[in-house]
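The structure appears below as structure tokens.
The values are calculated or read from the model by the stated rules, or taken from the named source; none is laboratory data. Nothing here was measured: the structure is a model prediction, and the numbers come from that model. Cβ sites come from the backbone with ideal geometry, for glycine too, and all protein chains shown count toward neighbours.
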Amino acid sequence: MAGRIPQMFIDDLLIRTDIVEVIDSRVQLKKAGREYKACCPFHNEKTPSFTVSQVKQFYHCFGCGAHGTAISFLMEFEHMDFVEAVEDLAHMAGLEVPREAGFETGTQSTTQPLYELLEKASAWYQQQLRNHSQAGRAVDYLKQRGLSGDVAARFGIGFAPPGWDNLLTALGTDATARQGLQETGLVIERTDASGVYDRFRDRIQFPIHDRRGRTIGFGGRVLGDDTPKYLNSPESSVFHKGQELYGLFEARKAMRKLDRLLVVEGYMDVVALAQFDINYAVATLGTATTPEHLERLYRAAPEVVFCFDGDRAGRQAAWRALENTLPVLRDGREARFLFLPEGEDPDSLVRQIGKQPFEQQIGGAVHLSDFLFDHLASELDIDSIDGRARLVDQARPLLARLPDSVFRQLMVEQLAILARTDVARLEERLVKPARQDQAGAPRRVPSPVQHGGKSPVREAIAILLHQPELAQQLEALPFPSSELLPGIPLLAELFELLKRQPGLNTGSILEHWRGRDAARHLSRLAQWTPLAENLDLAAELHGHLGKIVRMLAEQRISQLLEDETRRTLNNEEKQELKELLQER
């Protein structure tokens, strides 16, 4: 049972972590004053409203409201759970994640049993490939495809024997296990609701691993005449097809540094290429290449080569991949396209010509720029004015999807050469007008939370979140924690934390309230920025604390005067009221 991660470790981790580096490796940020900006990765927008504060270690989108710390970003962007995000940041910082005994980590506890169950299933399938009475058919198939035992073991290839309940009998030993098998899609409920049966039957089993090497699902290749030929695990809480890539974990494990990734269509293509020591092939899981796939690919390697059949269907699939690739092609990233001879796939071609000639073909793959312009020009007469005008019209929305970069500028220059027109005029046409609202006015990005319109308690909390070191200038708050004014207990708790742990930044402060009701209020207040850079925040804080003192005094006076109408005040209450009225 995994123990809880100590809060002190999380504090230290977030102090060591630079949120700008974490986000910039996934979303291209641009410096904008003291902060960084980008188009939000969590919703579609053309005007950047996503800001990252290096001082606060906090991000916020003024368009959709997404916000949080480096941990929150990894959880949202990479679809990690809390523990995975902490472990990922710890790995970047070269730290080992400690655990406290006797506690269970909340989010992890809901998924950890599923990972363990999937690992058991993978081991069971591999055991069947070695020992089952009908495993010879599966072994013969793999040998016919040229696979060695070493490569089969490296990829964890197994065998799901024929029959309706083999896996269910082996692993579904109790109600909890059966529920887990059903949740991960390893068993399916019968249409008459009379029970469940194994999803994978009489198939070669390819375990799918996540970035940490955990089994999250399976792909099964049929041995008989059943359909479909390939069958994947369904979506689950641990498996998302549009984000995972078969073979990426194995590629990272086999090669210390990946300079290139080859995207192929099937499991057998990945494994067959590995048999020929081409260890950088990955496959999508029965889906087209998604933006999430592309971000994962480019985080692993600077060059991505898409491998497709050379027929019409293959070129259409390549064009869809090109369209999805354009928005992520910032400087330093390269995309190319390899079209195979008709009737060939990577598996058959590498066995036919061998490793070196195959890699030569990869090295000669078509650059994205050439594929884009050749594809558009092939259907036009660019020797005519009309054809060149149509070329510009068709290329313009594609180039507009490219991030602002040197590559984009070069693409515009190439289009200008092909269209025999001026680069500057093309650039003008690529700039799209600001989106209009219903009244016809340009859409405005909401402004940051401004100073004003909040109670003194909220103002004081916002200032402490913005500049936590100000807490060290105060011995104590000039009033006791009280329920009389909303937010005072939260302000007192925040102040005590900052006095106890000086050096915390905004991001690490917010992590102390993760999962609590007050977290959303603090996150909202963390968006506040001073109206002026030279604003004396220490004086502002003292001013707001003084207002709170006066407000509490007025409330106490009102309370004592009201009590006096119903009963006789005791001597202490009379003295207190007298002093409060004098101070007023």
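Only a single item in (1) in a loop (DSSP other than H, G, I, E, B); (2) touching a strand residue (DSSP E or B) at 6+ places or on another chain (Cβ under 8 Å) is not met by G507, and it is number (1).
Every condition in (1) assigned to a loop (DSSP other than H, G, I, E, B); (2) in contact with an Asp or Glu (Cβ under 9 Å, 6 or more places away or on another chain); (3) closer than 21 Å to A462 by Cα; (4) not hydrophobic (A, V, I, L, M, F, W, C) is met by G65 except one, and the failing one is (2). Considering only the stretch 280-311, state which residues are surrounded by fewer than 19 Cβ atoms within 10 Å (Cβ to Cβ) and more than 25 Å from the chain's Cα centre (by Cα). D309, G310, D311, listed by residue number.
Checking each residue in the stretch 316-341 for being of a type in the set (D, E, K, R), touching a strand residue (DSSP E or B) at 6+ places or on another chain (Cβ under 9 Å) and either assigned to a strand (DSSP E or B) or surrounded by fewer than 17 Cβ atoms within 10 Å (Cβ to Cβ) (or both) picks out E334, R336.
Here's the yes/no breakdown for (1) more than 24 Å from Y298 (Cβ to Cβ); (2) surrounded by 17 or more Cβ atoms within 10 Å (Cβ to Cβ); (3) within 20 Å of the chain's Cα centre (by Cα):
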{"residue": "I10", "(1), (2), (3)": "yes, yes, yes"}
{"residue": "D24", "(1), (2), (3)": "no, no, yes"}
{"residue": "E35", "(1), (2), (3)": "yes, yes, no"}
{"residue": "V83", "(1), (2), (3)": "yes, yes, yes"}
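Quick check on this structure: which one of F9, F73, F42 is part of a loop (DSSP other than H, G, I, E, B) and hydrophobic (A, V, I, L, M, F, W, C)? That would be F42, the only listed residue that is part of a loop (DSSP other than H, G, I, E, B) and hydrophobic (A, V, I, L, M, F, W, C).
Only residues that are surrounded by 19 or more Cβ atoms within 10 Å (Cβ to Cβ), farther than 27 Å from R401 by Cα and of a type outside the set (F, W, Y) were counted in the stretch 48-67, giving 2. Here P468 fulfils each of the conditions (1) at pLDDT 90 or above; (2) over 23 Å from G507 (Cβ atoms) apart from (2).
When D202, D210, D165 are checked against the criterion of being surrounded by 14 or more Cβ atoms within 10 Å (Cβ to Cβ), touching a Pro at 6+ places or on another chain (Cβ under 9 Å) and either charged (D, E, K, R) or under 14 Å from V271 (Cβ atoms) (or both), D202 stands alone in meeting it.
On the basis of being touching a helix residue (DSSP H, G or I) at 6+ places or on another chain (Cβ under 9 Å), under 18 Å from P489 (Cα atoms), modelled with pLDDT of 80 or more and not in a loop (DSSP other than H, G, I, E, B), does L561 make the cut? Against the criterion (touching a helix residue (DSSP H, G or I) at 6+ places or on another chain (Cβ under 9 Å), under 18 Å from P489 (Cα atoms), modelled with pLDDT of 80 or more and not in a loop (DSSP other than H, G, I, E, B)), L561 does not qualify.
Collect the residues in the stretch 295-315 that are under 17 Å from L261 (Cα atoms) and not in a helix (DSSP H, G or I), keeping them in residue-number order. Walk me through how you get there before you give the answer.
Quick first cut of the stretch 295-315, residues under 17 Å from L261 (Cα atoms) only: 295-308.
Matches in the stretch 295-315: A301, P302, E303, V304, V305, F306, C307, F308.
Which one is farthest from Q527 (Cα to Cα) among residues in the stretch 45-55 that are in a loop (DSSP other than H, G, I, E, B) and either touching a strand residue (DSSP E or B) at 6+ places or on another chain (Cβ under 9 Å) or among the aromatic types (F, W, Y) (or both)? Before the answer, list the steps.
Taking the stretch 45-55 and keeping what is in a loop (DSSP other than H, G, I, E, B), we get 45-49, 54-55.
Cutting the leftovers down to either touching a strand residue (DSSP E or B) at 6+ places or on another chain (Cβ under 9 Å) or among the aromatic types (F, W, Y) (or both) gives us 45, 48-49, 54-55.
On the way: E45: 20, P48: 16, S49: 13, Q54: 13, V55: 12 Å.
My answer is E45.
Residue-by-condition table, conditions (1) among the aliphatic types (A, V, I, L, M); (2) loosely packed, with under 11 Cβ neighbours inside 10 Å:
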site: A518; (1), (2): yes, no
site: L545; (1), (2): yes, no
site: R550; (1), (2): no, no
site: Q559; (1), (2): no, no
site: E572; (1), (2): no, yes
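Tell me whether the stretch 420-428 contains one or more residues that are out of contact with any Cys (no Cβ under 7 Å at 6 or more places or on another chain), within 30 Å of D383 (Cβ to Cβ) and at pLDDT 90 or above. Yes, the stretch 420-428 contains a residue that is out of contact with any Cys (no Cβ under 7 Å at 6 or more places or on another chain), within 30 Å of D383 (Cβ to Cβ) and at pLDDT 90 or above.
Table: residues versus (1) closer than 26 Å to V151 by Cα; (2) touching a Pro at 6+ places or on another chain (Cβ under 9 Å).
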{"site": "A272", "(1), (2)": "yes, yes"}
{"site": "P291", "(1), (2)": "no, yes"}
{"site": "E295", "(1), (2)": "no, yes"}
{"site": "A335", "(1), (2)": "no, no"}
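Between L261, L223, the distinction of being assigned by TED's automatic domain parsing to the domain that holds E292, crowded, with 18+ Cβ neighbours inside 10 Å and over 17 Å from E119 (Cβ atoms) belongs to L261 only. All of (1) touching a residue at least 60 places away in the same chain (Cβ under 8 Å); (2) assigned to a helix (DSSP H, G or I) hold for E292 with one exception: (1).
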